[in-house]
1. State yes or no: is residue A:108 over 25 Å from residue B:3 (Cβ atoms), surrounded by 15 or more Cβ atoms within 10 Å (Cβ to Cβ) and within 14 Å of chain B (Cβ to nearest Cβ)?
2. Output yes when any residue across the range B:28-38 is over 17 Å from residue B:109 (Cβ atoms), in contact (Cβ under 8 Å) with a residue 12 or more places away in the chain, out of contact with any helix residue (DSSP H, G or I) (no Cβ under 6 Å at 6 or more places or on another chain) and surrounded by fewer than 14 Cβ atoms within 10 Å (Cβ to Cβ), and no when none is.
3. Just to verify a result, which residue in the range A:48-100, among those that are within 28 Å of residue B:51 (Cα to Cα), more than 9 Å from chain B (Cβ to nearest Cβ) and surrounded by fewer than 19 Cβ atoms within 10 Å (Cβ to Cβ), is modelled with the lowest pLDDT?
4. Look through the range B:78-95, keep the residues that are in contact with a strand residue (DSSP E or B) (Cβ under 9 Å, 6 or more places away or on another chain) and surrounded by fewer than 15 Cβ atoms within 10 Å (Cβ to Cβ), and return whichever of them is modelled with the lowest pLDDT.
5. Do we have residue B:45 as surrounded by 20 or more Cβ atoms within 10 Å (Cβ to Cβ) and either free of Cβ contacts under 8 Å to residues at least 40 places away in the same chain or farther than 23 Å from residue A:98 by Cβ (or both) here?
6. Take the residues in the range B:73-87 that are closer than 14 Å to residue B:33 by Cβ and outside any strand (DSSP E or B), then tell me which one is farthest from the other protein chains (Cβ to nearest Cβ).
7. Regarding residue B:98, is this residue modelled with pLDDT of 95 or more, within 14 Å of chain A (Cβ to nearest Cβ) and not in a loop (DSSP other than H, G, I, E, B)?
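The values are calculated or read from the model by the stated rules, or taken from the named source; none is laboratory data. This structure is a prediction, so every number in the text was calculated from the model and none was measured. For neighbour counting, all protein chains shown are included, and Cβ atoms are generated from backbone atoms with ideal geometry for every residue, glycine included.
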């Protein structure tokens, strides 16, 4: 079935290092959303990408949507302790208004 | 304040005892959904509703029921809970489907003994 693979599952980085998580879909997507879940918290919407090849930035976070609209990435520059949490991507398959597929998430740990 | 409210936040109960987790949103959102989150499995959709009186199964609907009689409320019903339904549950809403950001509630941690 349709699925979105997200890697890595876990990542430990030293504070100040960069971090990247990747999502790869088995099917072409209409859009992809990214969410962050702090430990003990609930997922919080970060951003949505819609266009092929789109790149969006939020301060130290850079989001990309692949040209084929089947993959996406989130890159954090110079991580801080506030970046700790699990990052999820969620994609809507093309022509499926009723379906969203979440990746399993990447849990980011920051070592001080 | 715009929010999605779930109750209860925590519940420990026994196998077979019917329970309801309520979800309410004050943003006039059309779309609402229930997810369960388990370690290593991420978020899996249980049921969703595109609008009042319209509900559809997600990926893991077995053992659950929902209703959408009013726009703001979307309760999750476990008629006969079993231990494999022990999980963290999230309700979410969005203005209109998956083209809009989903707003999540704080979660309900259910333990079925």
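1. It is false that residue A:108 is over 25 Å from residue B:3 (Cβ atoms), surrounded by 15 or more Cβ atoms within 10 Å (Cβ to Cβ) and within 14 Å of chain B (Cβ to nearest Cβ).
2. yes
3. Taking the candidates together, the pick is A:95.
4. Only one residue fits best here, namely B:95.
5. So residue B:45 fits the description; yes.
6. Of all residues in the range B:73-87, those closer than 14 Å to residue B:33 by Cβ come to B:73-76.
Cutting the leftovers down to outside any strand (DSSP E or B) gives us B:74-75.
On the way: B:74: 16, B:75: 18 Å.
Out of the qualifying residues, it is B:75.
7. Details: modelled with pLDDT of 95 or more: no; within 14 Å of chain A (Cβ to nearest Cβ): yes; not in a loop (DSSP other than H, G, I, E, B): yes.
No.
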